[in-house]
Amino acid sequence: MDIQPILKALRHQKTAALLIAFEIALACAIICNATFLIVSRMERSQMLSGVAESELLRIRAASLDDGEDKMARIREDIAGLRSIPGVVSVTTTQQVPFGQSSWNSGVRTAPDQKNVVVNATTYYDGGDMLSTFGLKLVAGRDFSPDEYYDFDDVASGAVTPSSIIISQTLANRLWPGEPPLNKPIYMGSSDPLRVIGVVETLVRPSIWDDSTAHDCMIFPTRGAPGTQYVLRAQGADLDGVIKSATAKLKALQPNRIVRGAETFTQLREDYFRQDRVMAVLLMTVIVALLVVTALGIVGLASFWVQRRQRHIGIRRALGATRGNILRYFQLENFLIVSSGILFGMFAAYGINAWLMQHYELPRLPLFYLPMGAAALWLLGQLSVLYPALRATRVPPATASRRA
Amino acid sequence: MFRYYAWLAVRGLKRNPGLTALMVLAIGIGIGASVTTLTVLQVLSGDPLPGKSDTLFYPQIDPQDSLGYQPGEEPPDVISYLDAKNLLDARRADRQAVMTGGGAAVIPDKAGVDPYLLDLRYTSADFFAMFEVPFLHGSGWTGADDEAHARVVVISRRLNDKLFDGGNSVGRTLRLNNQDFRIVGVIDEWRPNPHFYDLNTGNYSDSEEAFIPLETAIQLEMGRNGTMNCFGEERLTPQQQLTSGSCMWLQYWVELDSAEKHKDYLNFLTSYSEEQRRLGRFERPANVRLRSLMQWLDYQKVVPEDVRLQSWTALGFLVVCIVNTVGLMLAKFLRRSNEVAVRRALGAPRTSIFFQFLLEAGVVGAAGALLGLVLSLAGLAAVRMQPVDYAELAHLNGLMFCAAVLMAVIASLVAGLLPAWQACRVPPALQLKSE
């Protein structure tokens, strides 16, 4: 079909065509960036934790920190929790993946180093943490039973920690390309900690920068302030285990307050809630934008069809088939939408550049542009279909007689 | 004449109900989305203490050792107990308060209420006067109570309702972590937004349910909330960390009533840092800040970036809606070319045609404003259902109400300009002939 007559006809309705093109350009720019934001948020909420989330739950009990017999009570609690049907393993720790509070420390690789290499999070393994969490060792070994010590003894200076397990990402950051086993790490003091094991992945609580989300250290430390229990249950209903575990802790010490128990699935959901809210909101905007744009095209195209009834009628009388008329309007829409998309792509990049500057977003990957273009072409064709079909029904004779 | 045009405009709208509905819908949705997100943004970036906020300042000093020192770095956000104590004792500001968040188990006397965990604030005597905390009964405690590590507590109205059925509980006892505290005051409804004085415990969280002297909390080893950063090689037990000079964990606020006092206090902070350095405690060059409350909120990026991003998205969406309306109005107005031609031929000047169509656009805007308001009420209700700490603050206020109506009418008038101009240029004679 010849494009020439379409372009000529378009010249008579410049304003309306330009408006549609402008609307398409804006929609293209917004949709590309919004989709990119949604995808990044969704990817973020899928962040690897390294732990067996579907089998884990944690319980925090309030009076855990006080009293002289703290360590004895923890041992008693662990034994009690282990006896619950379905529970295969129990550990204590002072923070959990996707939790809100975290312990962190600057790490150096030489005692005289002036600047910290990286700020890593500190997990305190109160025993069996690797097996309970389901962490995978990729080098070295787990802590041996004689390596565990009590937090209070470290704080008072009676014990000096010497072994540590770290995550693979932290190892790569500290010693790129080198085997990390037996390498020294320095924290506050000049006493070295030796790396005895490396776990594949483990995520930190309260992530403030996604690029350091997996920089973790594990110490064989029991009874730190904020100690909580992590239970691994297999083949059991986790909500049921939560109920029995809460009841068990209350039975062991009646006047304590169980601050809450949740599954790790719940922890992940809570942690990324804001990201999901944002994704849903942006999706709503995209849908609303597509609907508004489509309705605009339908409205304007219907108007054109009505205005050009005589023109259509004459063409039909001169032998144009219904298919010719339909394709005429579709091609016209394709041309208008294409010019809109062309400008939209530049605008999309402009908006992205602005977002990168103000909201520290990454660059928009190029493939979002053809995808956005395809979506808008499809939208244009679908919206123009109804008015164009109405145009094909203009009877040749009446149209030429009328007006 | 205006009434005639208005009558014509309403009639005109009725002529193509489909197109009119589309335009109203487009303006309405655009306004609804923008007003919802802008209301949230406006609520979140508000001043928690209007009229008082520019006399409140947040001093920052850098007491750290030379390890990891990088020139030009911001000083830490919190200060150590030792420095807080020194600054408090110097009494260089009109008022000063040190504080942190905490928690304790409350063991109620009341039958049928189980022990539960309560959010507390550990602070010093000036807190209440400085932040203009409204009291229902009694008052805050005194500086003497701070020094004596007194077992006194100020409770919130909500806690008072819960434990004492809303009566005057001043003089009665509240049991926290197996210790008895004497109630000296009951605070009336008080929820500053943002939760400016301590951003560690949630930017828009509710204020705490009970307040006790910091010294008492330290002495009783009560649990605390928030960040703690330690430096130096010395190993400290958790209790030693609380009172050391190398663990930073306290928020510190001062009230300074004039610009001159601000300058003096800034000098005081610098000379304090230099003095501590001479004494061998601080190892870094003096690095101090004295931000006002609003500057502090800005520096701490209190308003979530997502909220700003949402507002931009909604405004972009509004622009698309307006462009869409321009197109639809164009279609609608040009469809009535015949009518225009007749009226022009009968002597109507272009300006009357132009204003008649613009008035019609205004009517669309008014209808769009109405729909937009309904949609933003629905949008804000949806925001309130979100599990975020600012959820319950999202309400439409008078300012945004007016802004919404104004935005809708202006948007539709802008959208009507081009179509109205095109319509009034329809030549009279030609159309008449072709009829």
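The values are calculated or read from the model by the stated rules, or taken from the named source; none is laboratory data. As the structure is a computational prediction, the values presented were derived from the model and not from experiment. In this analysis, Cβ positions are derived from the backbone assuming ideal geometry, glycine residues included, and neighbour counts consider all displayed protein chains. Remember, those area values only see protein heavy atoms, side chains included, never the ligands or the DNA or RNA. Shrake-Rupley method; radii C 1.70, N 1.55, O 1.52, S 1.80 Å.
Hey, if you put +1 on the Cβ of every Lys and Arg and -1 on every Asp and Glu Cβ in the range B:327-406, which of B:N397, B:G327, B:L370 ends up farthest toward the positive end of that dipole? Positive-end residue among those listed: B:G327.
The three principal axes of the C-alpha atoms in the range B:295-362 carry coordinate ranges of 67, 22, 11 Å, sorted with the longest axis first.
Just the ratio, please: alpha-carbon radius of gyration of the range B:1-131 over 2.2 N^0.38 Å, N its number of residues. Display every interim value, and only then the final one.
Working: Rg = 29.0 Å, N = 131, 2.2 N^0.38 = 14.0 Å.
Cα-based Rg divided by the globular estimate yields 2.06.
Amide H to amide H distances under 5 Å link A:S163 with A:R194, where only residues 5 or more positions off or on other chains count and H is placed in the peptide plane. Placing +1 on the Cβ of every Lys and Arg and -1 on the Cβ of every Asp and Glu, with no other charges, gives the range B:72-142 a dipole of roughly 300 debye about its Cα centre.
Take each residue in B:64-71, count the other chain C-beta atoms within 10 Å of its C-beta, and the mean is 2. Compute the angle between helix A:14-45 and the longest alpha-carbon principal axis of chain A, please, reported from 0 to 90 degrees and rounded to the nearest 10. Here the helix axis deviates by roughly 20 degrees. The packing ranking of peptides B:256-269, B:22-35, A:23-36, highest mean first, is B:22-35, A:23-36, B:256-269, where packing means the average number of other beta carbon atoms within 10 angstrom of each residue.
Kirkwood Rh, the range A:64-255, all Cα pairs: how many Å? The partial results should precede the final answer.
On the way: mean 1/r = 0.0569 Å⁻¹.
That comes to 17.6 Å for the range A:64-255.
Only helical runs count toward this figure. For the protein assembly as shown, summing -39,500 (n - 2.57) over DSSP H runs of n ≥ 4 and dividing by all residues gives -16500 deg cm²/dmol at 222 nm.
Given charges of +1 on the Cβ of Lys and Arg and -1 on the Cβ of Asp and Glu, with all other atoms neutral, how large is the dipole of the protein assembly as shown about its Cα centre, in debye to the nearest 20? Spell out each step's value before the answer.
Values: 81 positive and 80 negative charges, 1432 e Å.
That gives the protein assembly as shown a dipole magnitude of about 6880 debye.
Lysine pair count for chain A (Cα-Cα distance under 23 Å; residues 8 or more apart in sequence or on different chains): 4.
Taking only complete DSSP H runs, can you tell me which helices of chain B stretch 24 Å or more along their own long axis by Cα positions and average at least 0.5 on the Kyte-Doolittle scale?
On the way: long enough: B:17-44 (40 Å, 1.79); B:259-278 (29 Å, -1.69); B:305-335 (45 Å, 1.00); B:350-384 (50 Å, 1.50); B:398-424 (38 Å, 1.95).
Going by DSSP H runs, the hits are B:17-44, B:305-335, B:350-384, B:398-424.
Per-residue surface analysis assigns A:Y368 an accessible area of about 10 Å², computed on protein heavy atoms at 1.4 Å probe radius. For chain B, a Kirkwood radius taken over Cα pairs fed into Stokes-Einstein (37 °C, viscosity 0.692 mPa s) yields D = 126 µm²/s. Just report the Cα centroid separation between the range B:39-64 and the range A:218-265, whole Å. Here the answer is 39 Å between Cα centres.
The DSSP beta bridges internal to chain A are antiparallel in roughly 70% of cases.
Counting only heavy atoms of the protein chains and using a 1.4 Å probe, B:F231 has close to 40 Å² of accessible surface.
I need the fraction of alpha carbon pairs in the range B:99-198 separated by more than 22 Å, rounded to a whole percent.
On the way: 1282 of 4950 pairs.
Tail of the P(r) past 22 Å holds 26 percent of the pairs.
On the beta carbon distance between A:Q266 and B:E147, with R0 = 45 Å, the FRET formula returns roughly 0.50. Partner shielding of A:292-302 amounts to 6, given as the average count of beta-carbon atoms from other chains within 10 Å of each residue beta-carbon. Derived from the Cα gyration tensor, the three semi-axes of the equivalent ellipsoid of the range B:186-235 are 26, 17, 7 Å, largest first. For the listed peptides B:354-366, A:259-271, A:159-171, a ranking on the average number of other beta carbons within 10 Å per residue, highest first, reads B:354-366, A:159-171, A:259-271. For B:G138, the residues whose amide H sits under 5 Å from its own are B:V186, ignoring neighbours fewer than 5 places away on the same chain, with H placed 1.01 Å from N. Measuring how big the range A:268-403 is from its alpha-carbon positions, Rg and Dmax come out at 20.7, 70 Å.
Applying a 4.7 Å Cβ-Cβ cutoff to chain B leaves B:C321, B:C402, B:C424 as cysteine residues with no disulfide-compatible partner. Answer with one residue from A:S40, A:A391, A:A120: the one whose Cα lies farthest towards the positive end of the charge dipole of the protein assembly as shown, charges on Cβ with Lys, Arg +1 and Asp, Glu -1. Ranked along the dipole, the leading option is A:A391. For chain A, a simple Cβ point-charge model (Lys and Arg +1, Asp and Glu -1, everything else neutral) yields a dipole of about 3580 debye relative to the Cα centre. Across every pair of non-identical alpha carbons in the range B:351-406, the mean reciprocal distance, once inverted, gives a Kirkwood radius of 13.1 Å. So what's the projected area for the protein assembly as shown, the Cα convex hull averaged over all directions, in nm²? It is 45.1 nm².
Here the Karplus relation 6.51 cos²θ - 1.76 cosθ + 1.60, evaluated at θ = phi - 60°, turns the backbone of the range A:225-241 into coupling constants of x, x, 4, 9, 9, 10, 10, 10, 10, 10, x, 10, 6, 4, 4, x, 5 Hz, with x for every Gly and Pro. Contact order, relative form, for chain A: 28 percent (alpha carbon pairs under 8 Å, 6 or more residues apart, mean separation divided by residue count).
Taken along its three principal axes, the alpha carbon spread of chain A comes to 104, 51, 30 Å, from the longest extent down to the shortest. Rg and Dmax of the range B:62-287, based on Cα coordinates, read 18.6, 59 Å. Counted over the protein assembly as shown, the DSSP beta bridges are approximately 75% antiparallel. In the context of the full set of protein chains, residues of the range B:62-287 present 43 Å² of accessible surface per residue (probe radius 1.4 Å, heavy atoms only). Interface A-B: total buried accessible area of about 4000 Å², 1.4 Å probe, protein heavy atoms only.
Counting, for every residue in A:147-160, the Cβ atoms of other protein chains within 10 Å of its Cβ and taking the mean gives 2.
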